[in-house]
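A short write-up of the structure that comes next.
The values are calculated or read from the model by the stated rules, or taken from the named source; none is laboratory data. Note that the structure is predicted; figures quoted are calculated from it, not measured. Please note: Cβ atoms are built from the backbone with ideal geometry, for glycine as well, and neighbour counts cover all protein chains shown. With ligands, DNA and RNA removed, areas are computed over all heavy atoms of the protein, side chains included. Shrake-Rupley method; radii C 1.70, N 1.55, O 1.52, S 1.80 Å.
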Amino acid sequence: MGTQHGDQEQEQDAGHDPGLARTAAGAFGWSFLNAALARLGTLVIGVLMARILGPGEFGTFAVAMVALLAVLSFNELGVSLAVVRWERDPEAVLGTVNAISTAGSVLLFLAMYATAGPVAGLLGAPDAAGIIRLMSVSVVFSGMVAGPAALLQRRFRQRRRLVIDQTVTWSGTGLSLALALGGFGAWSLAWGRVAATLIGVALFIHATRPYRLRVDRDLVMPLLRFGLPLAGTSIVVFAVAYVEQVAVGATLGATALGYFVLAFNLASWPLNMFSQPLRSVAPAVFSRLQGDPQRLGDSFTTLLRVIAVVTLPVCLVGAAVADDVIRFVYGDEWAPAAGIFAVLVLVTVGRIFVELSYDLLVVLKRTGRLLTVQLLWLAVLAPVVLVAARERGVVGVAVAELAVMALVVVPCYLLLLRGCGLRIAPLGGAVLIPLVVAAVAAAAAALVARELASPLLSTLAAGVICLAAIACVLALHPEHVRQLRALRSGAAAPAGAPPEDADPDDPAPQDPVVEAVQK
């Protein structure tokens, strides 16, 4: 997976570097491995902490986490992305980015510390105020290394990023688990988070040393003009992602929020495991094809098809056996989260499509329209989930979110894609067969689960059925295997490409995704 390129220090030129294909493909491979290990860490700590703490304590921590994530969504004021997109040497702007990001994070830390009490009360867990104050320290740490983290992304150094992320994840996991076993309750997760973030600061600074912290007055205003709209958009994106959690906490209390957050985290696993690594290379693919609408549409369809082959069976089968999965993984105490998980894992299907579409629309500079859709999404979702929480409880909130996704958000994104010249019919064709096979697999898993009394056996059977469904789609369409290999290695022949022994001068068409990376 391009290991010889994983630690390249020099800047990569997209237009002239012949090794960019392997570098980008290697970055995707390391990103996928990083995501897999990170999700494993999240799952392990989530399972262990849920079993040790129970819904009440877990919900208290969830309140603090929502408050922290709200601030982290914009704490670096959007300027770190300038390091990734800077047309010249990114180190020329890195010191100023670090200064702006750190200063903004300190101010937000002070605000978060001062408002911890009212925020905890609003979210239905007054006892979480102290935990919010402790975790607010992470805001400063994260702001300090936003620039170095962006520099690693710019240079395709995902292997180095993997080492850092995994060290941070597992060090925090170990500390949190030790403290939880020692009886520290929800505070154990908070201390683990703060300690892990501090370790991350040391590792990021070491990976990009020397650490630069200076202010170039000629760059401050351009960076703020670039970053503040992105920070504003990030606030809206965060509100869309977490408004249902705020509604649950404020209306139903910390215990109900604990059920919802646990179900949400487990339902997001397919998104984080499969979709996020793909997004690490998708913008680069789209940017190289933006001058050719036909091939751009083909590349988007190919990426959507590849991700649908894997994620649709996982999501639909998971929804079909939700009760057994929750009981097996977390225990009978968490059974009320099963209904929430069954709905939210279907929402994940829509989220995967939306995020891939978002990347394409950003490359095509439709940011204004994207912001409009995000505001519409928030305007519809917020009142709907508040009413659902009061009238239908925590499961009703999940159903409301699914309805908004299906009836409002996905149609809006399809309209935006159509407005960019993409044909919608091929998108439906790309997911049709994976969807049908996944639906059959979900029905089979539900029938098998009825006959098995053990959550363990039902979950294992569902996993086998899910793998069989994926294998079935790949057997029906072997070109999907070539596309998966192409994304992984940048060298395998995609659908329609000549065989390995073909004349190298033969101008047979190549898959647009692979060709874009190779350019």
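None of Leu271, Leu224 is modelled with pLDDT under 90, crowded, with 19+ Cβ neighbours inside 10 Å and assigned to a helix (DSSP H, G or I) except Leu271.
When the criteria are applied in full, Val140 meets the requirement of being of a type in the set (A, V, I, L, M, F, W, C), in a helix (DSSP H, G or I) and modelled with pLDDT of 85 or more.
How many residues, within the range 360-384, are open to solvent by less than 40 Å² (accessible area, probe 1.4 Å), at pLDDT 85 or above and aliphatic (A, V, I, L, M)?
3
For every residue, the table says whether it meets (1) part of a helix (DSSP H, G or I); (2) on the phi < 0 side of the Ramachandran plot; (3) of a type in the set (S, T, N, Q); (4) modelled with pLDDT under 80.
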| site | (1), (2), (3), (4) |
| --- | --- |
| Thr255 | yes, yes, yes, no |
| Leu266 | yes, yes, no, no |
| Leu278 | yes, yes, no, yes |
| Ala284 | yes, yes, no, yes |
| Arg288 | yes, yes, no, yes |
| Gln294 | yes, yes, yes, yes |
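Go through the range 154-199 and report how many residues are crowded, with 19+ Cβ neighbours inside 10 Å, at positive phi and not hydrophobic (A, V, I, L, M, F, W, C). Looking only at that region, the number is 1. Evaluated against (1) small (Gly, Ala, Ser); (2) open to solvent by 20 Å² or more (accessible area, probe 1.4 Å); (3) in a helix (DSSP H, G or I), Gly421 falls short on exactly one condition, (3). It is to be established whether one or more residues within the range 397-409 are surrounded by fewer than 20 Cβ atoms within 10 Å (Cβ to Cβ), touching a helix residue (DSSP H, G or I) at 6+ places or on another chain (Cβ under 7 Å) and over 22 Å from Leu257 (Cα atoms). Checked against the condition, which is being surrounded by fewer than 20 Cβ atoms within 10 Å (Cβ to Cβ), touching a helix residue (DSSP H, G or I) at 6+ places or on another chain (Cβ under 7 Å) and over 22 Å from Leu257 (Cα atoms), the range 397-409 yields at least one hit. In the range 187-200, is there at least one residue being under 21 Å from Phe109 (Cα atoms) and hydroxyl-bearing (Ser, Thr, Tyr)? Yes, the range 187-200 contains a residue that is under 21 Å from Phe109 (Cα atoms) and hydroxyl-bearing (Ser, Thr, Tyr). Looking only at the range 200-221, residues that are hydrophobic (A, V, I, L, M, F, W, C) and open to solvent by less than 40 Å² (accessible area, probe 1.4 Å) come to 5 in all.
Within the range 176-197, is even one residue aromatic (Phe, Trp, Tyr), at pLDDT below 85 and more than 30 Å from Leu375 (Cβ to Cβ)? It would help to see each step written out before you state the result.
To start, the set of residues in the range 176-197 that are aromatic (Phe, Trp, Tyr) comprises 184, 187, 191.
Remaining after also requiring at pLDDT below 85: none.
Checking the range 176-197: not a single residue is aromatic (Phe, Trp, Tyr), at pLDDT below 85 and more than 30 Å from Leu375 (Cβ to Cβ).
Can Ala439 be described as closer than 24 Å to Phe300 by Cα, in contact (Cβ under 8 Å) with a residue 24 or more places away in the chain, in a helix (DSSP H, G or I) and over 23 Å from the mean Cα position of the chain (by Cα)? The answer is yes for Ala439. Applying a threshold of 8 Å to beta carbon distances and a minimum spacing of six or more residues, or different chains, the list of pairs starting in the range 101-113 at a residue that is open to solvent by 60 Å² or more (accessible area, probe 1.4 Å) and ending at one that is among the hydroxyl-bearing types (Ser, Thr, Tyr) reads Tyr113/Ser136. Residues in the range 440-452 that are open to solvent by 50 Å² or more (accessible area, probe 1.4 Å) and of a type in the set (A, V, I, L, M, F, W, C) were compared, and the one that is farthest from Asp324 (Cα to Cα) is Val440. Of a type outside the set (D, E, K, R) and over 18 Å from Ala207 (Cβ atoms), is that true of Pro148? Considered against the rule, which asks whether it is of a type outside the set (D, E, K, R) and over 18 Å from Ala207 (Cβ atoms), Pro148 comes out as no. From the list Ala129, Ala190, Ala195, which residue is over 21 Å from Ile45 (Cβ atoms) and of a type in the set (Gly, Ala, Ser)? Result of the check over Ala129, Ala190, Ala195: Ala129.
The residues of the range 320-330 that are open to solvent by 10 Å² or more (accessible area, probe 1.4 Å) and over 14 Å from Asn265 (Cα atoms), listed by number, are Ala320, Asp323, Asp324, Arg327, Phe328.
From the list Leu179, Leu213, exactly one residue is more than 28 Å from Phe341 (Cβ to Cβ), aliphatic (A, V, I, L, M) and in contact (Cβ under 8 Å) with a residue 12 or more places away in the chain. Which is it? Answer to the check: Leu213.
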